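One structure is given below, encoded as structure tokens.
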Amino acid sequence: MTHNGAVIDGTSPPTAAQLPPRLIGDGELTGHSVVANSTMNRERVLTGVNSYTRELGLDPAEFLDDRGPAPSWLDLCSGEGHALRAAAQQLPQAVITGVDLVGPLRPTQPSNGLELITADLCQWSPARRYDLVTCVHGLHYVGDRLALLERAASWLTDTGLLIAHLDPATLRRPDGTDASRPVLAALRAAGFDYSARHHRLSLRGGRSVRLPFTYLGADPEAGPNYTGQPAVASYYGDGAVGR
């Protein structure tokens, strides 16, 4: 309690830095500059230094080549789709789909089996299942990333593989404290594996997943994450109400 601005009960009012951020919904988030102007995957290629192979720990084309005569790959937050185009050239019988909020900024050449879609991943769903589902650093810009992971798990074939980068430090409780422990525990209970060294989440085999959290909103002003780039913090409460 204060009197004429003086603290008389031993506590101080919270400073601006201590107040929780204003959370926004995913509809507003998609238009925020941190998300809409992200260049994280724009120039990433299939193999080499700045590549999917390096980030994922496997060569997607080699993985698909072992999946039979008509393998399939879904890449979420695909940017310009350079890696997907290269894989489509190597595997002309493969079905390869890339989805990105902004989409390719350069003209794309038509290719059999390759489709680059511009869509909001919070609203989009595929009409088929895939042998490989990837999201290379894309979850950093998704508000309700747990809901996307739930849905992506169901987009895998029975023997399919999902790999996505996840930064647990950007998962928050309603009061802004760290929610990484309960979220990672729930993901592991659902069958996911997580490599803290590489910040890679993986799942083998398609399945129905329901995580015990309620999405509260996102903070696009959370600042840089481990990549050094500005990222979005996602806030969750306990329970799966409304999910």
Return only the number of the condition from (1) out of contact with any helix residue (DSSP H, G or I) (no Cβ under 6 Å at 6 or more places or on another chain); (2) of a type in the set (A, V, I, L, M); (3) open to solvent by less than 70 Å² (accessible area, probe 1.4 Å) that Ala94 does not satisfy.
-> (1)
Quick check: is even one residue across region 76-86 open to solvent by 70 Å² or more (accessible area, probe 1.4 Å) and in contact with a Ser or Thr (Cβ under 9 Å, 6 or more places away or on another chain)?
-> no
Search region 183-200 for residues being in contact with a Phe, Trp or Tyr (Cβ under 8 Å, 6 or more places away or on another chain) and not in a loop (DSSP other than H, G, I, E, B), and hand back the single one that is nearest to Ser72 (Cα to Cα).
-> Arg200
List the pairs whose first member sits in region 184-207 and is at positive phi and open to solvent by less than 50 Å² (accessible area, probe 1.4 Å), whose second member is β-branched (Val, Ile, Thr) and not in a loop (DSSP other than H, G, I, E, B), and whose Cβ atoms are under 9 Å apart, counting only residues at least 6 apart or on separate chains?
-> Gly205/Thr157; Gly205/Thr159
Selection from region 12-44 of residues that are modelled with pLDDT of 55 or more, open to solvent by 60 Å² or more (accessible area, probe 1.4 Å) and either among the hydroxyl-bearing types (Ser, Thr, Tyr) or outside any loop (DSSP other than H, G, I, E, B) (or both) = Gly27, Glu28, Ser33
Whichever residue in region 99-122 is under 18 Å from the mean Cα position of the chain (by Cα) and of a type in the set (A, V, I, L, M, F, W, C) and, among such residues, is modelled with the lowest pLDDT = Val102
Any chance region 65-77 includes a residue that's under 23 Å from the mean Cα position of the chain (by Cα), in a helix (DSSP H, G or I) and within 22 Å of Thr157 (Cβ to Cβ)?
-> no
Those residues of region 165-181 which are within 22 Å of Cys135 (Cα to Cα) and in a loop (DSSP other than H, G, I, E, B) amount to Leu166, Asp167, Ala179
Criterion (touching a residue at least 40 places away in the same chain (Cβ under 8 Å), of a type in the set (Gly, Ala, Ser) and in a helix (DSSP H, G or I)) met by exactly one of Ala61, Ala86 | Ala86
What residue, among those in region 208-231 that are outside any loop (DSSP other than H, G, I, E, B) and either within 25 Å of Leu132 (Cβ to Cβ) or without any contact (Cβ under 8 Å) to a residue 40 or more places away in the chain (or both), is least open to solvent (accessible area, probe 1.4 Å)?
-> Ala231
With Arg129, Arg145 as the choices, which residue is open to solvent by 40 Å² or more (accessible area, probe 1.4 Å), of a type in the set (Lys, Arg) and in contact (Cβ under 8 Å) with a residue 12 or more places away in the chain?
-> Arg129
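The values are calculated or read from the model by the stated rules, or taken from the named source; none is laboratory data. A quick note: this is a predicted structure, and the numbers were derived from the prediction, not measured. Reconstructed Cβ throughout: ideal geometry from the backbone, glycine too, with neighbour counts over all protein chains shown. All accessible areas refer to the heavy atoms of the entire protein, side chains included, with ligands and DNA or RNA removed. Shrake-Rupley method; radii C 1.70, N 1.55, O 1.52, S 1.80 Å.
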